[in-house]
Amino acid sequence: MHFVNLVGGLKAEIVGKTNIDISGIAYDSRQVNPGDLFVAIPGFKTDGHQFINQAVSSGAAALVVTDRNVRADVPVVYVDNSRKALAFLAANFYGHPSHALKVFGVTGTNGKTTTCHLLREVFSQQGYKVGVMGTIGNWLGTQRMNTARTTPESLEIQKMFRDMVDSGVSHVVMEVSSHALELHRVDQVNFRSAVFTNLSQDHLDFHENLEEYLQAKGKLFKGLTGDALAIINMDDMGSFRHLQEVTQVPIITYGRHKDAIFKAENIVLSRDGVTFDISYREQKLPVALHTPGLFSVYNALAAATVALEEGVEPGAVSSALADVLGVSGRFQRVDCGQEFTVIVDYAHTPDSLKNILVTAEEFVSGRLITVFGCGGDRDKAKRPLMGEVAAKNSDLTVVTSDNPRSEEPEDIISDILPGVKAYTENYRVIEDRRQAIHYAVSQAKAGDMVVIAGKGHETYQEIKGQVFPFDDREVVKDVLRGQISC
Ligand SMILES: CC(=O)N[C@H]1[C@@H](OP(=O)(O)OP(=O)(O)OC[C@H]2O[C@@H](n3ccc(=O)[nH]c3=O)[C@H](O)[C@@H]2O)O[C@H](CO)[C@@H](O)[C@@H]1O[C@H](C)C(=O)N[C@@H](C)C(=O)N[C@H](CCC(=O)O)C(=O)O
Ligand SMILES: Nc1ncnc2c1ncn2[C@@H]1O[C@H](COP(=O)(O)OP(=O)(O)OP(=O)(O)O)[C@@H](O)[C@H]1O
Ligand SMILES: N[C@H](CCC[C@H](N)C(=O)O)C(=O)O
Ligand SMILES: [Mg+2]
């Protein structure tokens, strides 16, 4: 692409000759190919400006920088914010593909992945080719691609949108994390609609406090334009009020609140699922889900609201929701015919852990045994809170490691323990997650339930910067294999 077309419209000062072609964009010097434009990002850990020489020696044809002192033999584009510029340039480079797609963004602390996958099923059953971007992977129709982030960097997003358009995708459901909103990853995305699930404590390592966390989420709604809709959970009243203030587009509410436009009524919770009615605009739509818990009602209601607003026939919405047997690592049973229940779940916040344990508690006839830890290099304030939730809602709590990342596993456990000790003496600390799962499962008797929380679909464990293969579900099967044929 010609350099002038690429940077056209970007608020910037340009020094150097502009009559060049750009073959690609890179924001990491290690990824630069000859002819690329290198965008230097001042980051949290290091500064992309330090790698300019490396980028140029790898063949960078031009640079985007924020540091006015940078001088180079290639053209230099001076901008105020390089993440913003990256999003702008990526959208230009790939031809603004989101304008040729219906992109539905889902944000909130919990329920994004689940809501997206429910919505994916509804749209797929309509015969649309659906794109998905989120925690458990990215999909172009049925083709799955791995992902490291819930919401990738703007460059990857725009490239994926381009591939989606080129392969016939019409609808995209994507999780939009607060990190993505704060770091301009979705700046140039043309959202058809945005969904808000809920807000509770998480990521206070990244956001100053809950207000700032909410403000980051609000950016998704602030950016909506045209005939986009803001689809908001009205039961989270504090967040609802904020989002209502910041958005300029029509608001569609859902929830159990009496004033919600799409209202869940007649909710019946059971061990194997949930049934409820969606009452909206003088109509009633019965829904049956295979996942239990009140939180499942919210996810399905959010997905149904989007689909119904898009004009999907109501019967098709409820039948697609009924066809979803579950989402990988979300309240996933590991069943080898044992006499007790084992659930692997991705709850890694105080609120989600509480939801999952309250749901489990309701249907367990015996003891509830919980295994969990907390991620390293993440919100430390949630650790004792998760300890408290586990202790209050379990008969036996096994505190272990999640992904300690660069932290000492025992330090993380020490942060969790005050919360546990304040509510129970029935706990064990087993730092090694495999051993912790072995212990918990071996303690279970007929009628008991073991909940293994925090890692859900993950197939790795990161300890001291090293990534090892690890899958809670496989570890459970290994233990059960020793007891019964599995
Ligand atoms: C906190 C956060 O989001 N950090 C993101 C941020 O990293 P950073 O600012 O620290 O980058 P840095 O390491 O200082 O490097 C600065 C720049 O120098 C470049 N560099 C670096 C080294 C080198 O040799 N050459 C080079 O050019 C880097 O590519 C980067 O552009 O920008 C990077 C480039 O886009 C991201 O990869 C990185 O995600 C990190 C790895 C991360 O763990 N993010 C998590 C917390 C995250 O985004 N999570 C959300 C939330 C999930 C949820 O809601 O639960 C998600 O969407 O996944
Ligand atoms: N609507 C909800 N409200 C509260 N908790 C929920 C809800 N839906 C799911 N959960 C709980 O949160 C966990 C994570 O769910 P899910 O993966 O759908 O959320 P997410 O928002 O995508 O999370 P992440 O931010 O990690 O990507 C589930 O395993 C479950 O324990
Ligand atoms: N997207 C979340 C996932 C947390 C999952 C948990 N297993 C952990 O590693 O902390 C985060 O990056 O904070
Ligand atoms: Mg997710």
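The values are calculated or read from the model by the stated rules, or taken from the named source; none is laboratory data. Since the structure is predicted, the reported quantities are computational estimates derived from the model, not experimental observations. Here the Cβ is made from the backbone with ideal geometry for all residues, glycine too, and neighbour counts use every protein chain on show. For accessibility, only protein heavy atoms count, side chains too; no ligands or nucleic acids. Shrake-Rupley method; radii C 1.70, N 1.55, O 1.52, S 1.80 Å.
At 1.4 Å probe size, with the rest of the protein present, what percent of the exposed accessible area of the chain is carbon and sulfur atoms?
Numbers: 9290 of 20150 Å².
Whole-percent figure for carbon plus sulfur exposure: 46.
Which GluC sites (Glu not before Pro) in the range 276-353 pass both tests, a DSSP loop state and at most 10 other beta-carbon atoms within 10 Å?
Numbers: sites: 282, 309, 310, 339; in loops: 282, 310, 339.
Loop-located and lightly packed - 282.
Among 126, 19, 264, whose Cα projects farthest towards the positive end of the dipole of the chain, with charges put on the beta-carbon of Lys, Arg (+1) and Asp, Glu (-1)?
Among 126, 19, 264, the one farthest towards the positive end of the dipole of the chain is 19.
Computed over the Cα atoms of the range 129-232, what is the convex hull's projected area averaged over all directions, in nm²? Show your work: numbers first, answer last.
Working: hull surface 27.0 nm².
Its average projected convex-hull area is 6.8 nm².
Assuming 1.567 mPa s and 4 °C, estimate D for the range 332-481 with Stokes-Einstein, Rh taken as the Kirkwood radius over Cα pairs, in µm²/s.
Values: Rh = 14.9 Å.
The calculation lands on 87 µm²/s.
Express as a percent, rounded to the nearest 5, the fraction of DSSP beta bridges in the chain (both residues included) that run antiparallel. Mind showing how you got there, number by number?
Values: 32 of 82 bridges.
Taking every DSSP beta bridge within the chain, about 40 percent pair in antiparallel fashion.
Give me the angle, in degrees from 0 to 90, between the Cα long axis of helix 382-393 and the longest principal axis of the Cα atoms of the chain, rounded to the nearest 10.
20
Taking the Kirkwood radius as the inverse of the mean 1/r across Cα pairs, report the Rg/Rh of the range 117-161.
Working: Rg = 10.7 Å, Rh = 10.9 Å.
Looking at the range 117-161, the ratio lands at 0.98.
Measure off 7 Å from each Cα along the Cα-to-Cβ vector at residue 45 and residue 69, then give the distance between these two points in nanometres to one decimal.
With each label point 7 Å from Cα toward Cβ, the separation is 2.5 nm.
With a 1.4 Å probe and all protein chains kept in place, how much accessible area does residue 181 have, in Å² rounded to the nearest 10?
10
Semi-axes of the chain's equivalent ellipsoid from the Cα gyration tensor, sqrt of 5 times each eigenvalue, largest first, rounded to whole Å? Before the final figure, lay out each step's value.
Values: eigenvalues 324, 164, 78 Å².
Value: 40, 29, 20 Å, ordered largest first.
Given 0.36 nm per residue, what is the gain on full extension from residue 279 to residue 4 after removing their alpha carbon distance, in nm?
Roughly 93.7 nm would be gained on extension.
Express in % the proportion of alpha carbon pairs of the range 314-368 at distances exceeding 19 Å. Display every interim value, and only then the final one.
Working: 649 of 1485 pairs.
For the range 314-368, the share of Cα pairs beyond 19 Å comes to 44 percent.
With an 8 Å cut-off on Cα pairs and a minimum separation of 6 or more residues, tell me the relative contact order of the chain in percent.
Working: 1083 pairs, mean separation 48.8, N = 486.
Once normalised by length, the contact order is 10 percent.
Normalised by the residues of the range 181-239, what does the relative contact order come to in percent, with Cα pairs under 8 Å and at least six apart?
On the way: 48 pairs, mean separation 29.6, N = 59.
Rounded, it is 50 percent for the range 181-239.
Over the range 332-481, what relative contact order in percent results from Cα pairs under 8 Å that are six or more residues apart? Working shown, then result.
Details: 332 pairs, mean separation 49.4, N = 150.
After rounding, I find 33 percent.
Could you give the radius of gyration (one decimal) and Dmax (whole number) of the Cα atoms in the range 426-486, in Å?
12.4, 39
Starting from one equal scatterer on each C-alpha and no solvent at all, send me the Debye-based log10 I(q)/I(0) for the range 1-58 at q = 0.14, 0.16, 0.24, 0.25 Å⁻¹, two decimals.
Here the Debye-derived log intensity ratios amount to -0.41, -0.53, -1.07, -1.12.
Accessible area per residue for the range 335-457 in Å², computed with a 1.4 Å probe and the full protein assembly in place, what is it? Can you show the working numbers first?
Working: 4550 Å² over 123 residues.
Computed with neighbouring chains in place, this is 37 Å² per residue.
If you take the alpha carbon radius of gyration of the range 155-304 and divide it by 2.2 N^0.38 Å, what ratio comes out, to two decimals? List each step's numbers first, then the result.
Working: Rg = 16.7 Å, N = 150, 2.2 N^0.38 = 14.8 Å.
The value comes to 1.13.
For the modelled label position 7 Å from the Cα of residue 422 along Cα-to-Cβ, which residues of the range 359-396 have backbone nitrogen atoms closer than 14 Å?
Those under the cut-off are 381-393.
Given just the C-alpha atoms of the range 387-461, how large is their convex hull per residue in cubic angstrom? All intermediate terms of the calculation are to be shown ahead of the outcome.
Numbers: hull volume 6.9 nm³, N = 75.
Once divided by residue count, the hull of the range 387-461 is 92 Å³.
Can you check what the Kirkwood hydrodynamic radius comes to for the range 199-267, Cα pairs only, in Å to one decimal?
Working: mean 1/r = 0.0775 Å⁻¹.
Mean inverse Cα-Cα distance, inverted, gives 12.9 Å.
Against the longest alpha carbon principal axis of the chain, how many degrees, from 0 to 90 and to the nearest 10, is the axis of helix 350-363 turned?
Around 30 degrees separate the two axes.
What FRET efficiency comes out for residue 20 versus residue 100 if R0 is 35 angstrom and r is the Cβ-Cβ distance? Round to the nearest 0.05. Walk me through the intermediate numbers first.
On the way: r = 28 Å, r/R0 = 0.80.
For R0 = 35 Å, the calculated efficiency reads 0.80.
Quick one: if you take sqrt(5λ) for each eigenvalue of the C-alpha gyration tensor of the range 23-96, what semi-axes come out, biggest first, whole angstrom? Don't jump to the answer; show the numbers that get you there.
Values: eigenvalues 53, 44, 27 Å².
Ellipsoid half-lengths, sorted descending, are 16, 15, 12 Å.
What share of the DSSP beta bridges in the range 97-323 is antiparallel, in percent to the nearest 5? Working shown, then result.
On the way: 20 of 44 bridges.
Expressed as a percentage, antiparallel bridges in the range 97-323 total about 45.
Evaluate the distance, in nm, between pseudo-label points positioned 7 Å from the Cα of residue 57 and of residue 408 along their respective Cα→Cβ axes.
That separation, rounded to one decimal, is 3.9 nm.
Using C-alpha positions alone, give me the convex hull volume of the range 78-173 per residue in cubic angstrom. Can you show the working numbers first?
On the way: hull volume 9.5 nm³, N = 96.
Cα-based convex hull of the range 78-173, divided per residue, equals 99 Å³.
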